[in-house]
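First the structure, in the form of structure tokens, and then the observations on it.
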Amino acid sequence: MTDIKRLTLLAVTVLLTGAAALVTAGMAVTGLAGTKRPDLQAPPVQIAQAETTKPRAKKPSAANTFNRLMKKPASAPHAAPADDGIHDPENSGTHLLQWPSEAFQSFPGTNDGNRVDWVKALTEGLIAPRYELEDPESEAFTMDLVIVREVKGSMPDVVYPHQQHTEWLDCTNCHDEIFVPAKGENQISMAAILLGQKCGVCHGKVAFPVTDCRRCHSKPKTIEQLRALANRSAWPAKSEAAKKQ
Amino acid sequence: MPLKPMLAAGVGLLVAGLIAFALVNVPPGDAQAEYGDVVINNYSDDAGMRPVVFPHWFHRIRFRCNVCHAELGFEFKAGSNDINMLKIFDGEFCGACHNNEIAWGVENCVLCHSGMPGMRTRVHHSTSDRLVAPPTAGRQ
């Protein structure tokens, strides 16, 4: 055999190995993705899981979730309990639990949290959670009062609707321990919220997360307010100093 | 055909294959837990039981916040409710429903005590959980 022939043979072998590696990887993609994605995995026990198709919620855009301090949300939401990293797959009971992907199938989606718009699901009647433990007929004691909180800077003001909150909660959950029911009596900051105080008692734990800024900061400042803000800054003073020079 | 490009292509394919294989072989963390899943490990580990996983999503489909956080008196902070099995037997905390009348009874240990051993008490994907560095594993 000549050298050239031998080299050709070697090249072909390397090519074939590469192709084989790709095929293996491809098989691993399908096989291993099955352990992560509930829609591709056969259920370990015979419970009705046939309808668990692809997660319907949209993927959040990278621009909106970027924060160098925060971990990225899971790319494929709603893993089966046995694959979610907190349930022990060795535990027999884990395999009897309901899958979130099954429960969330018909729910309206959002980009974060559970990827479920819980308020919408409730108002549209897709869920009918009890308001009182013993009484299935009991209705929520709601109050339709909107509070607008003016915030510093150019950030839109916060619009707080009592209606949606009282659908879920009791007055005593917030008043008077977390919020004093009087105008100007509550010092709220994003720092406190991020630390789990004030709105952060629920938002950022169970209620929609604080990364969804505009769901609370939803009333834009007027052009007059923005102008006043601009006049207050050091910018014009500087330019006047520049004129003198 | 010249040999060098063929060799390069072969090596490239091999490397691509290896990278693809490595990418799908990343071990799963807790990133797949649902938002608001609470791990409760106040006493479980010490008692030789798996920690409890409380899925908020499952419960809020069936009950509004009011039921547990106003009627039953659950505090809004993971770990601040001193729950133990005696209280549950007596119908306090989880025991208000987990009594075989509304939900499964206490004899179904493995349905609640289903977490990975050694996990600390926390709310998964909560802001503080994502921003604050975790302390050492185990009881908090």
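Tell me whether the range A:94-102 contains one or more residues that are under 29 Å from B:ARG122 (Cα atoms), surrounded by 14 or more Cβ atoms within 10 Å (Cβ to Cβ), in contact with a Lys or Arg (Cβ under 7 Å, 6 or more places away or on another chain) and of a type in the set (Val, Ile, Thr). For the range A:94-102, residues under 29 Å from B:ARG122 (Cα atoms), surrounded by 14 or more Cβ atoms within 10 Å (Cβ to Cβ), in contact with a Lys or Arg (Cβ under 7 Å, 6 or more places away or on another chain) and of a type in the set (Val, Ile, Thr): absent. Residues in the range A:165-215 that are under 22 Å from A:ILE127 (Cα atoms), in a loop (DSSP other than H, G, I, E, B) and of a type in the set (A, V, I, L, M): 2 in all. All conditions but one from (1) surrounded by fewer than 17 Cβ atoms within 10 Å (Cβ to Cβ); (2) not in a helix (DSSP H, G or I) apply to B:ALA78; the one that does not is (1).
Among the listed residues A:SER189, A:SER218, identify the single one that is among the small types (Gly, Ala, Ser), away from chain B (no Cβ under 12 Å) and touching a strand residue (DSSP E or B) at 6+ places or on another chain (Cβ under 6 Å). Step through it out loud before you land on a result.
On the way: A:SER189 fails: touching a strand residue (DSSP E or B) at 6+ places or on another chain (Cβ under 6 Å).
Testing whether each residue is among the small types (Gly, Ala, Ser), away from chain B (no Cβ under 12 Å) and touching a strand residue (DSSP E or B) at 6+ places or on another chain (Cβ under 6 Å) leaves just A:SER218.
Within the range A:85-97, take every residue that is in contact with a Pro (Cβ under 8 Å, 6 or more places away or on another chain) and assigned to a loop (DSSP other than H, G, I, E, B) and give me the one that is farthest from B:PRO51 (Cα to Cα). Of everything passing the filter in the range A:85-97, A:LEU97 is farthest from B:PRO51 (Cα to Cα).
The number of residues in the range B:95-129 that are surrounded by 17 or more Cβ atoms within 10 Å (Cβ to Cβ), more than 7 Å from chain A (Cβ to nearest Cβ) and outside any loop (DSSP other than H, G, I, E, B) comes to 5. In the range A:154-171, the residues that are without any contact (Cβ under 8 Å) to a residue 24 or more places away in the chain reach residues that are surrounded by fewer than 16 Cβ atoms within 10 Å (Cβ to Cβ) and of a type in the set (Ser, Thr, Tyr) with C-beta atoms within less than 6 angstrom, at least six apart or across chains, in these pairs: A:GLN163/A:THR142. Looking across the range B:35-74, the residues that are part of a strand (DSSP E or B) and out of contact with any Ser or Thr (no Cβ under 9 Å at 6 or more places or on another chain) come down to B:ASP37, B:PHE54, B:PRO55, B:PHE63.
Any residue at all in the range B:17-29 that is surrounded by 18 or more Cβ atoms within 10 Å (Cβ to Cβ), small (Gly, Ala, Ser) and either within 19 Å of B:PHE93 (Cα to Cα) or modelled with pLDDT of 95 or more (or both)? Checking the range B:17-29: not a single residue is surrounded by 18 or more Cβ atoms within 10 Å (Cβ to Cβ), small (Gly, Ala, Ser) and either within 19 Å of B:PHE93 (Cα to Cα) or modelled with pLDDT of 95 or more (or both). So which residues in the range A:124-149 are more than 13 Å from every other protein chain (Cβ to nearest Cβ) and either modelled with pLDDT of 95 or more or surrounded by 11 or more Cβ atoms within 10 Å (Cβ to Cβ) (or both)? Across the range A:124-149, the qualifying residues are A:GLU124, A:MET143, A:ASP144, A:LEU145, A:VAL146, A:ILE147, A:VAL148, A:ARG149.
For the range A:148-164, give me each residue that is within 17 Å of A:VAL119 (Cβ to Cβ) and in a strand (DSSP E or B). Walk me through how you get there before you give the answer.
At the first step, the residues of the range A:148-164 found to be within 17 Å of A:VAL119 (Cβ to Cβ) are A:158-164.
If the condition is that a residue be within 17 Å of A:VAL119 (Cβ to Cβ) and in a strand (DSSP E or B), then A:VAL158, A:VAL159, A:TYR160, A:PRO161 are the ones that fit.
The values are calculated or read from the model by the stated rules, or taken from the named source; none is laboratory data. Keep in mind that this is a model prediction, so the values were computed, not measured. Neighbour counts are summed over all protein chains in view; Cβ atoms, including those assigned to glycine, are modelled from backbone coordinates with ideal geometry.
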